[in-house]
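The values are calculated or read from the model by the stated rules, or taken from the named source; none is laboratory data. All figures in this text were calculated on a predicted structure; none of them were measured in a lab. Glycine gets a Cβ as well: all are built from the backbone with ideal geometry, and neighbour counts include every protein chain shown. Surface areas here come from the heavy atoms of the whole protein model, side chains and all, with no ligands, DNA or RNA. Shrake-Rupley method; radii C 1.70, N 1.55, O 1.52, S 1.80 Å.
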Amino acid sequence: GGLSPDVKTLDQIRTIERNGEIPAEGPFSDMMWSDPEDINGWRMSARGAGWYYGADVVSDFLHINDLNLVSRSHQLVQEGYKYWFKEKLVTVWSAPNYVYRCGNVASIMTVDEKQGRKFQIFDPSQESTHPIRATVPYFL
């Protein structure tokens, strides 16, 4: 997730109704499905929902809203977190060994009172490497 071409300010984000299903299109959908890319501006996402956006989009959003970082998730990164665009955007992924097969680590980012950032990394637990499934006989 991240940004939407229809959202320029934090006040606009605050007005989005988020209690319900994610719509197929529009700002809420964009903010769930859009991903950073090494491009300029906006480009339609190949996944069919959301957009790809570049460093210029992130810089504009940060400037307009007097921020210094966009923190996002909803995109797998093997390292648990990944900075983009000279550390103006970070993807934080908090599900180790996603769907029991990706082999990724997870992270949690903390920000201190001086805006220093630290990441705590989590490896998959041995118990999480194989899903527990209750089998039900086909014929009862």
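Of all residues in region 34-73 being outside any loop (DSSP other than H, G, I, E, B) and acidic (Asp, Glu), which is most open to solvent (accessible area, probe 1.4 Å)?
Going through region 34-73, the residues outside any loop (DSSP other than H, G, I, E, B) turn out to be 35-36, 42-44, 51-53, 55-64, 70-72.
Applying the additional criterion that residues be acidic (Asp, Glu) yields 35, 56, 60.
Details: ASP35: 8, ASP56: 62, ASP60: 92 Å².
By that ranking, first place goes to ASP60.
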Problem - All positions within region 1-15 that are within 18 Å of the chain's Cα centre (by Cα) and open to solvent by less than 50 Å² (accessible area, probe 1.4 Å) - result: GLY1, GLY2, LEU3, SER4, PRO5, VAL7, ILE13
Exercise for the section: Please determine, by comparing only the residues of region 74-94 that are part of a loop (DSSP other than H, G, I, E, B) and in contact with a Leu (Cβ under 8 Å, 6 or more places away or on another chain), which one is surrounded by the fewest Cβ atoms within 10 Å (Cβ to Cβ). Expected result: GLU87
Exercise for the section: Give just the number: which of (1) in a helix (DSSP H, G or I); (2) surrounded by 16 or more Cβ atoms within 10 Å (Cβ to Cβ) does VAL99 not satisfy? Expected result: (2)
Practice task
Among the numbered conditions (1) modelled with pLDDT of 95 or more; (2) within 15 Å of GLY1 (Cα to Cα), tell me where LEU62 comes up short.
Solution key: (2)
Completion exercise
With criteria (1) without any contact (Cβ under 8 Å) to a residue 24 or more places away in the chain; (2) over 30 Å from GLN126 (Cα atoms), VAL99 comes up short on (2)
